[in-house]
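Novice: Below is the structure I would like to discuss, written out as structure tokens.
Every number in this text was worked out from the coordinates using simple rules, so none of it is lab data. No experiment lies behind these values; they were computed from the predicted model shown. Neighbour counts run over all protein chains shown; Cβ positions are idealised from the backbone, glycine included.
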Amino acid sequence: MSADLSGQVALVSGGAGGIGSAICAELAGAGAAVLVGYAGQPDRAAALAGTLPGPGAHRALYLPVHDSAALAAAAAAVREREGRLDLLVNNAGITTPVPHRDLDALSDEWFDAILRVNVRGAFACVRAFAPLLRAGGGGVVVNISSVAGRTGLGSNVAYCASKAALDSLTRSLGRALAPEIRVVSVSPGWVDGDYAARMPPELVRAQAERTPLGRVARPQEVARAVLAVATHLTFSTGCVIPVDGGRPLG
């Protein structure tokens with residue numbers, strides 16, 4: 001079985017970020033036409049779309065996951081221009097570092113924003129694009145989760161809760177949307193991406209040392225897991241695929 005997405009259309013929310021851009025490149029290399037979803041930095045998203053490999057007609061797409069009306073407009077635009085959607089990757093997410101013990105430092109505003117983007121945003125994207133995913137005879141949703149949803153260890157309490165909720169959403173939607181649409185979480189540990197680059201190097205090294213495989217993940221490893229869900233793991237739905245180097249064992 002080859003990892004071939006020729007003729008298919010894939011949409012990646014938060015597509016211009018570190019993990020998102022790796023996912024876009026992997027899917028484009030497999031032959032998909034990739035829509036690089038963005039909320040801010042339209043120039044960055046357009047530049048990425050212009051450099052993606054493969055035969056597909058790639059483009060940037062305004063996709064603010066917190067705005068359901070904008071998502072409905074985006075879905076209508078995809079229906080009109082591409083006429084189909086085969087793969088939706090819910091990669092958009094936000095967080096901010098807050099010590100777990102410092103309850104007062106995690107404001108209501110940040111807590112609500114994290115849940116609005118990381119959980120409600122993923123659900124809203126599925127709701128907006130489910131008709132297109134069904135129309136092709138069977139689509140796939142991949143939610144980019146985190147090992148933090150399992151371990152409760154992460155950038156802040158709200159982030160961990162949001163990723164646990166996202167995995168629960170995966171299970172619920174995997175049942176609710178079957179058999180036409182499969183829904184799977186890909187759950188990385190620490191990734192050598194945009195967030196890790198903003199953290200002190202000693203903190204990232206400590207995370208690597210606590211991981212049985214002795215390093216953090218590369219964005220391309222997360223991207224390959226997404227591609228595997230779409231092309232090889234065709235009897236999987238409502239489940240969580242770890243890409244964490246065994247971090248819960250550390």
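Novice: What percent does the relative contact order of the range 1-138 come to when contacts are Cα pairs within less than 8 Å and at least six residues apart?
Specialist: After rounding, I find 25 percent.
Novice: Given Cα pairs under 8 Å that are at least 6 residues apart, what percent is the relative contact order of the range 20-80?
Specialist: 31 percent
Novice: On each of the three principal axes of the Cα atoms of the range 81-228, give max minus min coordinate, whole Å, ordered largest first.
Specialist: Dimensions of the range 81-228 along the principal axes of its Cα atoms: 48, 35, 29 Å.
Novice: Please list the non-local residues whose amide H lies under 5 Å from the amide H of VAL243, H modeled 1.01 Å from N, same-chain partners needing a gap of 5 or more.
Specialist: SER187, GLY189
Novice: Kindly write out, for the range 168-175 in residue order, the coupling ³J(HN,Hα) from the Karplus curve 6.51 cos²θ - 1.76 cosθ + 1.60 (θ = phi - 60°), rounded to whole Hz, with x marking Gly and Pro.
Specialist: These are the phi-based 3J(HN,Hα) values: 5, 4, 4, 5, 5, 6, x, 6 Hz.
Novice: What is the Å³ per residue value for the convex hull set by the Cα atoms of the range 1-100?
Specialist: Here the figure is 115 Å³ per residue.
Novice: Now, a different point. Please compute the alpha carbon radius of gyration of the chain, then divide it by the globular-protein estimate 2.2 N^0.38 Å. Two decimals is fine.
Specialist: 0.95
Novice: Turning to a different aspect of this structure: What ranking do 164-171, 232-239 get when scored by the average of other Cβ atoms within 10 Å per residue, highest first?
Specialist: 164-171, 232-239
Novice: Follow-up. Which whole-Hz couplings ³J(HN,Hα) result when phi for each residue of the range 9-25 is put into the Karplus expression 6.51 cos²θ - 1.76 cosθ + 1.60, θ = phi - 60°, listed in order with x for Gly and Pro?
Specialist: Result, rounded to whole Hz: 10, 10, 10, 10, 6, x, x, 8, x, x, 6, x, 5, 5, 5, 4, 5.
Novice: Roughly speaking, what is the centre-to-centre gap between the range 21-43 and the range 207-234 when only Cα atoms are used, to the nearest Å?
Specialist: Their Cα centres are 18 Å away from one another.
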